[in-house]
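To start, the structure itself, in structure tokens.
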Amino acid sequence: MSSLSQHASDLAYAAGWRLVRRLPAGLATAAFGLAADFATRRRGPGVLQLRRNLARVVPQAGAQELDELTRQAMRSYARYWQEAFRLPTMDVNSVRGRFQSALTGMENLDAALGEGNGAVVVLPHMGNWDVAGLWLVGYAGSFTTVVERLRPDSVYRRFVAFRESLGFEILPASGGTGSFRLLLRRLRENKVVCLVGDRDLTGSGVPVEFFGERTTMPAGAARLALSTGAALLPAGCWFTDDGWGTRIHPRIRVTSRSEVPAAVQATADIFAGDIAAHPADWHMLQKLWTADLDEPAPAVAEEAATG
């Protein structure tokens, strides 16, 4: 990304946080929906990859159904951004109450913290994880998470400041062993660590089968659970018409190093179930499967097919 593009990106995010929160809710919803539809019609690389990813999730879908699902997914992604921009001005108690009213599996988190070894909650890129985090701060106190460094760095700092303002403890994904040690410490203090676990950013993840195809997923959550005795709790988030749905799944036990690959596969299977039930709320606009990583970008492939 050029310095000019980075500066433009920073200005766009800054405008979002400053301006969108001042718009009436209905107007903001309409504007973000129109922007999502425009992006879908443009069929840029991210949209094409999203469509390709969703074709694995709903293999029985015809071309028109897949197009509509992609449009809905882009609208869901736009809703996430709209809520992120507006969340600092929303009524915290109201948000937490609405979130908890549709939450299932809270007993799994309670049981984990009751044992005293902390909990590792691992999620896919679904729904609004910032709202989930806001609820968790109110329910269990501050939690720790790791976030990917965005470019430009100013945008990354804005996101860190935003999430810290909600009560999250943020560590950079590039923090190396220092970040891992702090995560271990938090779990030994019987606190919660939340990690996004459906995309392998380092290329060193565990091979898994996901919707019938091969990919890799990070093993950090399973390794943290193994090292500390913390409960490994997969979770899924999605949108409802007027709020958010979430399920915290039962614990996946990891008692030896040899069980880590099986734990990652079990997590992938749970992710697949939640994604299949709510495909439009899975915001995966990047390449994920091994087959895609070895092929040209979707935009190039589409142009070659239609040219």
Query - Shape category assigned to the stretch 54-211 from the gyration tensor of Cα positions, a/c cut at 1.5 - result: rounded
Report summary line: Projected onto the charge dipole of the chain (unit charges on the beta-carbon of Lys, Arg, Asp and Glu, signs +1, +1, -1, -1), the Cα from P59, L293, Y77 with the largest positive-side position is that of Y77
Query - 25 °C / 0.890 mPa s Stokes-Einstein diffusion coefficient of the stretch 14-68, Kirkwood radius on C-alpha pairs, µm²/s - result: 187
**Report entry** Dipole of the stretch 109-222, positive direction: furthest Cα of A140, F210, S179, with charges on the beta-carbon
**Finding:** S179
Query raised in the report: Hey, can you rank 119-126, 186-193, 252-259 by average C-beta count inside 10 Å, highest first?
Result: 119-126, 186-193, 252-259
Report summary line: When the chain is treated as a Gaussian network with springs between alpha carbons less than 10 Å apart, the largest mean-square fluctuation among R21, R199, R181 is found at R181
**Report entry** Dipole magnitude of the stretch 173-264 about its Cα centre (Cβ charges: Lys, Arg +1; Asp, Glu -1), debye to nearest 20
**Finding:** 600
Report summary line: Here the relative contact order (percent) of the chain, from C-alpha pairs under 8 Å and at least 6 apart, is 24
Query raised in the report: Anyone know which of G133, G212, G118 comes out most mobile in the 10 Å Cα GNM of the chain?
Result: G212
Report summary line: Checked the stretch 163-243 with the C-alpha gyration tensor, a ≥ b ≥ c its square-rooted eigenvalues, rounded below a/c of 1.5, otherwise prolate if a/b is larger than b/c and oblate if not; verdict oblate
Report summary line: Candidates A272, A161, A73; GNM for the chain (alpha-carbon contacts under 10 Å) flags as most fluctuating A161
Report task. Would you mind working out the magnitude of the charge dipole of the chain relative to its Cα centre, with +1 at each Lys and Arg C-beta and -1 at each Asp and Glu C-beta, to the nearest 20 Debye? Result -> 820
**Report entry** Farthest positive-ward along the stretch 141-298 dipole, Cα basis, beta-carbon charges - from A262, G245, A161
**Finding:** A161
Requested in this report: Can you check how the C-alpha radius of gyration of the chain compares to 2.2 N^0.38 Å, as a plain ratio?
Outcome: 0.99
**Report entry** the stretch 153-307 pair-distance distribution - Cα-Cα, 10 Å bins, rounded %
**Finding:** 9, 31, 37, 19, 4, 1
Report summary line: Quick shape check on the stretch 221-291: root eigenvalues a ≥ b ≥ c of the Cα gyration tensor, a/c under 1.5 is rounded, otherwise prolate if a/b tops b/c, else oblate, and it reads oblate
Query raised in the report: In the chain, what % of DSSP beta bridges are antiparallel (nearest 5)?
Result: 45
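Laboratory data are not the source of any read-out in this text; all were calculated from the coordinates shown. As the structure is a prediction and not an experimental result, all values here were calculated from the model. All Cβ positions, glycine included, derive from the backbone under ideal geometry; neighbour counts span all protein chains shown.
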